[in-house]
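The values are calculated or read from the model by the stated rules, or taken from the named source; none is laboratory data. Keep in mind that what you see is a predicted model, and the values were worked out from it rather than measured. A quick note on method: Cβ atoms are made from the backbone with ideal geometry, for glycine too, and the neighbour counts reach across all protein chains shown. Just so you know, the surface numbers come from the protein's heavy atoms only, side chains and all, with ligands and any DNA or RNA stripped out. Shrake-Rupley method; radii C 1.70, N 1.55, O 1.52, S 1.80 Å.
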Amino acid sequence: MRRLLIVLAVLLPCACTAADAASPAPASTAAAPAAAISAQAANAGPDLKDIATFTRVFEIIKQAYVDPVSDHALMQSALRGMLSGLDPHSEFLDAKALHQLDEDTSGEYAGLGIEVAEVKGTLRIIAPIDGTPAQKAGIRAGDIILGIDGKAIDPDALDAALDMLRGKPGSVITLTILHAGASQPINLRLVRETIRVPSVRSRLLAPGFAYVRISQFQADTASELQRQIDALQRKDGPLKGAVLDLRSNPGGLVTAAVAVADDFLDSGVIVSTRGRLPQSDTIFRATPGDLLHGAPLVVLIDGGTASAAEIVAGALKDNHRAVLMGRRSFGKGSVQSVLPLPDGDAVKLTTARYYTPDGDSIQAHGITPDIELADNLQISVSKSPELSSREADLPGHLGGNGSVAVSSGGTGALAAEDWWLDQALHVVQALAATRALPAPATSVR
């Protein structure tokens with residue numbers, strides 16, 4: 001996928017009152033003059049000397065570059081360079097890149113199923129998408145792509161390398177991958193596929209306790225979430241609690257993230273955005289209606305939880321609706337707006353920052369979990385018979401009131417499969433048990 005094509009939004013009209021959109025006060029009076037000077041400098045227009053230098057460099061390239069290059073190609077490169085120099089997420093989109101962007105947000109495209117960011121001249125994996133060739137090959141969040149088809153990636157031609165990741169379904173590509181923490185790279189052979197990514201998967205972990213996995217935020221994610229939770233409750237009765245898995249979720253559409261957070265909230269702020277343009281200042285609030293009717297919720301996050309996924313995690317945490325478990329999230333707290341140009345191209349420009357309901361910026365900080373979990377724990381499950389450890393397991397034991405089930409011992413299968421998920425299930429079950437306790441009786445004197 002293109003670099004962090006994961007939080008993409010049109011420039012939304014302001015949907016808040018003047019009071020809601022009020023900007024935060026300056027940190028200090030000393031900072032105000034500096035900000036004013038910076039704003040004046042930004043609005044002063046290009047310096048004539050800079051224009052002259054640009055024109056001169058343009059002519060030098062035209063005259064002296066080893067191969068002929070067209071004026072159009074030079075101007076396209078200049079536009080790309082101008083935007084890429086702002087931040088890792090702003091870029092110039094020609095018609096082809098704009099089409100790829102539409103594919104990314106629709107959930108269907110031809111490629112490998114990885115979210116990639118350009119970081120200090122390298123291609124770093126933000127997250128592989130569930131069920132795709134990248135995920136099946138063992139690519140993980142934090143990996144670095146060093147080469148494609150035996151050729152090292154040129155730090156000055158990362159856009160070309162990104163284009164090479166796509167291709168016709170069935171075509172083969174070999175990636176040279178350096179796993180995070182590894183000392184030696186490995187080669188992985190992958191076959192491109194038509195990636196159709198269902199954004200929501202769900203199942204029961206235990207009677208009354210649901211597991212909901214959101215792999216990315218697409219246009220239909222919120223409606224699919226509602227459909228699947230309703231289906232679980234129609235089949236198995238009201239849920240006692242749920243685990244929402246946002247690990248390695250690279251983000252997606254802001255509107256989808258807001259709708260998902262709203263699905264678990266009855267009220268409160270979900271997220272606010274602040275930028276230089278008035279229409280960039282927005283506040284999104286929850287509306288009545290919680291899919292779980294207040295049942296406990298645990299959210300799993302990790303270093304691959306980014307952008308729109310961080311909006312959901314931050315909203316549920318700050319509104320005290322969920323317990324967050326895992327590791328600190330990625331920290332992409334900026335809004336990209338796609339601004340069309342007359343000739344079919346577009347500019348993807350960072351226009352605002354996200355703020356959680358408590359007013360904290362996600363950018364470069366991320367969301368800190370309430371309960372931090374260790375990485376890479378390997379759990380082994382013993383298959384040997386267990387020794388009797390309870391009175392009810394002993395032969396000839398005395399009977400008690402009611403029937404007693406013979407203990408079979410826990411298999412630990414979930415812990416062996418996914419230790420984090422096993423811990424989350426324990427927490428949500430404990431929260432549900434506490435919620436079910438009767439209120440203490442009060443005495444009147």
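What to note about this one:
- When 180, 206, 160 are checked against the criterion of being open to solvent by 50 Å² or more (accessible area, probe 1.4 Å), among the aliphatic types (A, V, I, L, M) and under 30 Å from residue 243 (Cα atoms), 180 stands alone in meeting it.
- Screening the candidates 274, 353, 328 for the property of being under 30 Å from residue 95 (Cβ atoms) and not small (Gly, Ala, Ser) yields one hit, 353.
- Any hit, segment 318-328, residues being over 29 Å from residue 241 (Cα atoms) and of a type in the set (Gly, Ala, Ser): no
- Count of residues meeting criterion [outside any helix (DSSP H, G or I) and open to solvent by 40 Å² or more (accessible area, probe 1.4 Å)] in segment 99-117: 1
- Number of the condition not met by residue 96 [criteria: (1) in a helix (DSSP H, G or I); (2) modelled with pLDDT of 90 or more]: (2)
- Near pairs, Cβ below 8 angstrom, 6+ apart or cross-chain, from segment 331-346 (within 18 Å of residue 119 (Cα to Cα)) to any residue that is surrounded by fewer than 13 Cβ atoms within 10 Å (Cβ to Cβ) and aliphatic (A, V, I, L, M): 331/364; 333/364
- Only one of the listed residues (166, 189, 213) is open to solvent by 40 Å² or more (accessible area, probe 1.4 Å) and charged (D, E, K, R). That residue is 189.
- The set of residues in segment 273-290 being touching a helix residue (DSSP H, G or I) at 6+ places or on another chain (Cβ under 7 Å), open to solvent by 30 Å² or more (accessible area, probe 1.4 Å) and part of a loop (DSSP other than H, G, I, E, B) consists of 287 alone.
- Among the residues examined, residue 270 does not qualify as aliphatic (A, V, I, L, M), in contact with a Cys (Cβ under 8 Å, 6 or more places away or on another chain) and part of a strand (DSSP E or B).
- Test: residue in segment 210-228 that is in a loop (DSSP other than H, G, I, E, B) and farther than 26 Å from residue 367 by Cβ: no
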